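Structure provided below as structure tokens; questions to follow.
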Amino acid sequence: MGFPTGRRRVVTALAAVLAVGAVAAVVYRVLAPAEVSTVARGAYPPAATPEVGVIGRLPVAPLIVDGRLRVYAGTRQVYADQPIDGKHRVTPFWSYRRWPAKLVGVLASGATVVSRWSDGTLVALDARTGRVAWRADGPEPEPVPKPRRTFASTVWDQAGLHVTRTADGRAVLVAAGRRQMGGFALADGRQLWRADVPAGCRTDVGTTAAGELIAVDGCAGPATVEFRDAATGAVRTRWRPSGGANELVVTPVGCVDGHSECRGLRTAGPGDDAGRGWLVGAGEPVAAPGLDGPDAELAGERAVGSTAGVLTGRSARTGEELWRRADLGPVRIIAVQPGRVHLLTERNDLVTLDPSTGAKRSRFAMDIGRDGVGWVPGRAYAADGYLAVERVREQATPDSDDQAYFLMSEPVLLAAT
């Protein structure tokens, strides 16, 4: 005995509604904006004191945080592992994911890890636990190229995301975007200021150690370098190098991390392969002859450069030669950090010198196991006495896909110097 026709129709309609509702719920759970935070279950690890040499190899680029953790980026994830001197990447110590936004930049200051997302959201994590410390609505970021599989550009060369400090020591996060820029208190995410800026005619450069945001403004005439107070957003100085071209490329040097807290810059016009060096602080930049030339790096008060197999340390301010070394052969400066300048020889030995004196701190082959040294360096990064470098195939080109570009599945070497 079946249902009457009318009741059967009602039951059928109800079943259809329930089915549609179930599908809608599944679709919402899959596609709705969401975040997943997996906090640390163990104690914050102590700082390590590894032996000098290659520690291990990794599939992705590490950001060294507080001398205790390695933090990595993914398409929609930022996560950490430990110990810092582990030979391989291991199960995350903590992890944070968002959907559907993509991760576009990560930086660290002390025990705070700040992530920037494609929807403009800024999320700060406490590195000790992985818990969200604060969230803020930042400016919409400029589009960034798709990162290679190591995500080195995301953690080592963050576009439009910088930190600096005010005169009284407060840490300020600066986010520059497509049409806006803003400053945020690093401690709690409080917005300090926001400014509208024209699109397509400005280039974000970085921050200075004196608490300013540097940008190149070409919106209303010849390119001008703008220095903006990172704590208030007010423009302090607009400056052009004497005899400068209408177009200007500005490269920060002597930075603490990425393009943050830089102590110098190099300016160059079209066809100028050398460039001119400058020290930045309070007021207008000061000429730094020691930084002239494309290969000079700023380490403290020293400009270190290599020419024809001779490495020299000069006074950045005067250009006076203070030391030289001709015993290393052709070398390439790949990274600088306080108290250390890192060089690669033709045989891929990593040589670390004291930039003040030129004295050797360490030297060893950048090799592990039986990997060999038949590679060229890609991106490199140094912090807290560690150095990480991508290994790129000798025949690779910028257009090569990742498999043809990188040496192997774990292309990043991590070393203690």
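Kindly express, to the nearest 10 degrees and within the range 0 to 90, the angle between helix 5-31's C-alpha long axis and the longest C-alpha principal axis of the chain.
Helix 5-31 and the main axis of the chain meet at about 10 degrees.
How much net charge surrounds VAL114 when only the other residues with a Cβ under 13 Å from the Cβ of VAL114 are counted, with Lys and Arg +1 and Asp and Glu -1?
In short, -1.
With every protein chain kept in the model, how would you rank TRP156, TRP117 by accessible area, 1.4 Å probe, largest at the top?
Reading off the accessible areas and sorting them downward yields TRP156, TRP117.
Hey, which lysines would be in cross-link range of LYS360, C-alpha to C-alpha under 30 Å, not counting anything within fewer than 8 residues on its own chain?
Output for LYS360: LYS87.
Magnitude of the Cβ-charge dipole of the stretch 96-162, K/R +1 and D/E -1, about the Cα centre, nearest 20 debye?
It comes to approximately 360 debye.
Could you sort the peptides 88-95, 378-385 by per-residue average Cβ neighbour count (10 Å cutoff), highest mean leading?
Result, highest mean Cβ count within 10 Å first: 378-385, 88-95.
Starting at the first residue of the stretch 301-315, write each ³J(HN,Hα) from the Karplus equation 6.51 cos²θ - 1.76 cosθ + 1.60 with θ = phi - 60°, in whole Hz, x for Gly and Pro.
Listing the rounded values in order: 9, 9, 9, 10, x, 10, 9, 6, x, 10, 9, 10, x, 10, 5 Hz.
Once you charge only the Cβ atoms, +1 for Lys and Arg and -1 for Asp and Glu, what is the size of the charge dipole of the chain about its Cα centre, to the nearest 20 debye?
The calculated dipole for the chain is roughly 1660 debye.
I've got another one for you. Quote to one decimal, in nm, the extra length available between ASP196 and THR251 on full extension: 0.36 nm per residue of separation minus the C-alpha distance between them.
Fully extending the segment from ASP196 to THR251 adds 17.4 nm.
The values are calculated or read from the model by the stated rules, or taken from the named source; none is laboratory data. These figures come from a predicted structure and were not determined experimentally. Positions of Cβ are backbone-derived with ideal geometry, glycine not excepted, and every protein chain shown enters the neighbour counts. The area values use the complete protein model at the heavy-atom level, side chains included, leaving out ligands, DNA and RNA. Shrake-Rupley method; radii C 1.70, N 1.55, O 1.52, S 1.80 Å.
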